[in-house]
Amino acid sequence: MRRCIPILIILLFLAAGCTYLPGEQTISLSDFKKELNSSKSIAIVMDTRNAPSRGAVMQCGINTAGRLGEIGVYDRLKNQTFVYEGGQCVSGATNSSISECESLISNSMAFYIRYNSSKNSTSFYKSKAVMEGDNNFLADCPISKII
């Protein structure tokens with residue numbers, strides 16, 4: 001038993017260290033709304049790459065755009081809607097690589113909507129909101145109700 005204690009302590013330190021890895025930190029919904037209101041450009045990314053069907057992801061993107069219109073920031077979308085499908089990014093009638101689209105999005109407040117069968121969550125960051133979940137979660141589209 002005494003031999004396990006040092007190993008447990010090391011594992012605890014390693015686990016604690018993983019929570020402090022560099023990266024964008026989450027922010028509160030109210031802070032996100034402040035960032036959204038001051039943003040000059042907004043993008044919606046509907047990531048259908050892992051989805052069994054596109055419907056819920058796409059509909060949530062439409063619902064989010066509608067909500068942006070209701071709160072008066074829709075005009076900042078300026079043709080900034082993107083669909084990630086396979087290795088491609090579709091925007092209007094244009095097909096590009098995903099990295100090309102990410103470059104276009106880099107200066108925008110982005111809403112990422114993606115299918116994830118094992119995680120239903122919405123996270124807010126200074127420059128983006130990430131909503132991911134299964135078809136039921138995406139069909140409910142909570143992000144469009146809280147922004």
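The values are calculated or read from the model by the stated rules, or taken from the named source; none is laboratory data. Here the structure is a predicted model, which is why all the values come from computation and not from measurement. All Cβ positions, even for glycine, are placed from backbone atoms using ideal geometry, and neighbour counts span all protein chains on display.
Some observations on this one:
- Residues located in region 32-73, provided they are among the charged types (D, E, K, R), surrounded by fewer than 16 Cβ atoms within 10 Å (Cβ to Cβ) and under 18 Å from Asn107 (Cα atoms): Lys33, Lys34, Lys40
- Being in contact with a strand residue (DSSP E or B) (Cβ under 8 Å, 6 or more places away or on another chain) and in contact (Cβ under 8 Å) with a residue 60 or more places away in the chain is a property that holds for Leu138.
- Residue match in region 80-98 (condition: under 18 Å from Phe124 (Cα atoms) and in contact with a Leu (Cβ under 9 Å, 6 or more places away or on another chain)): no
- Hits in region 84-116 - residues which are buried (at least 20 other Cβ atoms within 10 Å of the Cβ) and β-branched (Val, Ile, Thr): Ile105, Ile113
- Any pair with Cβ under 9 angstrom, 6 or more apart, that starts in region 46-64 at a residue that is closer than 12 Å to Gly133 by Cα and ends at one that is among the basic types (Lys, Arg): Asp47/Arg114; Thr48/Arg54; Thr48/Arg114; Asn50/Arg114; Ala51/Arg114; Val57/Arg114
- Taken together, Ser103, Ser127, Ser121 contain a single residue that is among the hydroxyl-bearing types (Ser, Thr, Tyr), over 13 Å from Asp47 (Cα atoms) and in contact with a helix residue (DSSP H, G or I) (Cβ under 8 Å, 6 or more places away or on another chain), which is Ser127.
- Of the listed requirements (1) touching an Asp or Glu at 6+ places or on another chain (Cβ under 7 Å); (2) at pLDDT below 90, Arg49 misses just one: (2).
- Met58 meets all of the listed conditions (1) within 22 Å of Phe137 (Cα to Cα); (2) out of contact with any strand residue (DSSP E or B) (no Cβ under 8 Å at 6 or more places or on another chain); (3) aliphatic (A, V, I, L, M) but one, namely (2).
- Residue satisfying all of: in region 97-122; among the hydroxyl-bearing types (Ser, Thr, Tyr) and under 23 Å from Gly55 (Cβ atoms); nearest to the chain's Cα centre (by Cα) among these: Tyr112
- Meets criteria (in contact with a Gly (Cβ under 7 Å, 6 or more places away or on another chain), modelled with pLDDT of 95 or more and either within 17 Å of Tyr125 (Cα to Cα) or exposed (fewer than 10 other Cβ atoms within 10 Å of the Cβ) (or both)) for Ile27: no
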